[in-house]
1. If I model a spin label as a point 7 Å beyond the Cα along the Cα-Cβ vector, how far apart are those points for LYS88 and VAL11 in nm?
2. Work out how much length ASN74 to SER179 would gain on full extension: take 0.36 nm times their residue separation and subtract the Cα-Cα distance, in nm to one decimal.
3. Taking all protein chains in place and a 1.4 Å probe, what share, in percent, of the accessible surface of segment 1-89 do carbon and sulfur account for?
4. Kindly rank 47-53, 119-125 from highest to lowest mean number of other beta carbons found within 10 Å of each residue.
5. Can you pick out the pairs among LYS152/LYS187; LYS120/LYS166; LYS34/LYS84; LYS122/LYS177; LYS81/LYS120 whose Cα atoms lie more than 32 Å from each other?
6. Among 168-177, 71-80, what's the highest-first ranking by average C-beta atoms within 10 angstrom per residue?
7. Per residue, how much accessible area does segment 1-58 have with a 1.4 Å probe, in Å²?
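The values are calculated or read from the model by the stated rules, or taken from the named source; none is laboratory data. Here the structure is a predicted model, which means the values were calculated and not measured. Cβ: placed from backbone, ideal geometry, glycine included. Neighbour counts: every protein chain shown. The area values use the complete protein model at the heavy-atom level, side chains included, leaving out ligands, DNA and RNA. Shrake-Rupley method; radii C 1.70, N 1.55, O 1.52, S 1.80 Å.
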Amino acid sequence: MNIIVISRSAVVKELLKLTLNKENLSTQYTDSSKNIGNSSYDFIFLDDSVINLDMELEYINSNLSKGKLIFIGNNKQILSKVDKAVKKPFLPRDIESIIKEAPKKKEIKTNILDPQEIAKIKELMECDISDSMELNYIDLLEDRQDLNLKKKDAKELLYDLSTLSKKEIKKLLKGAKVSIKINFKRKDNE
């Protein structure tokens with residue numbers, strides 16, 4: 001869960017830290033929503049100690065992709081503009097109850113792929129293949145793939161092979177059929 005606390009009050013920040021750290025939640029603290037940038041949060045806690053409360057609300061509603069906006073304070077004009085309000089003074093259990101009301105994100109479980117593999121696949125699908133997939137000839141050889149290399153690619157393979165020990169080369173090429181064809185250019189006068 002991603003949470004932001006917008007408050008100028010050290011007391012409110014410390015009380016929320018105690019509560020939210022106990023729940024092991026990812027939390028950021030700031031004095032103004034303008035310091036945040038464009039981000040997505042499950043909860044935004046807005047304290048009435050913030051300067052220009054109306055401008056802060058306007059900025060949050062227009063620039064932040066938000067879950068629930070929780071107001072901490074006693075300003076009755078703001079109550080209609082937020083999802084939930086916590087009146088001051090408040091207890092940690094008031095904040096805990098709000099957090100527990102949030103729907104839990106379901107973890108994807110499959111028999112074939114685990115969530116880390118799914119995340120890696122999504123990451124690969126989003127990036128440009130030419131940037132993320134660089135040919136590594138040693139890896140291709142280890143996977144027992146046929147290689148027909150010419151010019152620059154052959155030089156690159158030879159360079160990669162020169163970094164391996166004799167033992168590694170024997171293991172890598174065990175059972176492989178290797179053909180090398182070398183053509184020399186003739187000089188003009190011959």
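1. Roughly 0.7 nm, to one decimal.
2. In short, 29.5 nm is gained.
3. Exposed carbon and sulfur together represent 45 percent of the surface.
4. 47-53, 119-125
5. In this structure, LYS120/LYS166; LYS122/LYS177; LYS81/LYS120 exceed 32 Å between Cα atoms.
6. 71-80, 168-177
7. Averaged over the residues of segment 1-58, the accessible area is 51 Å².
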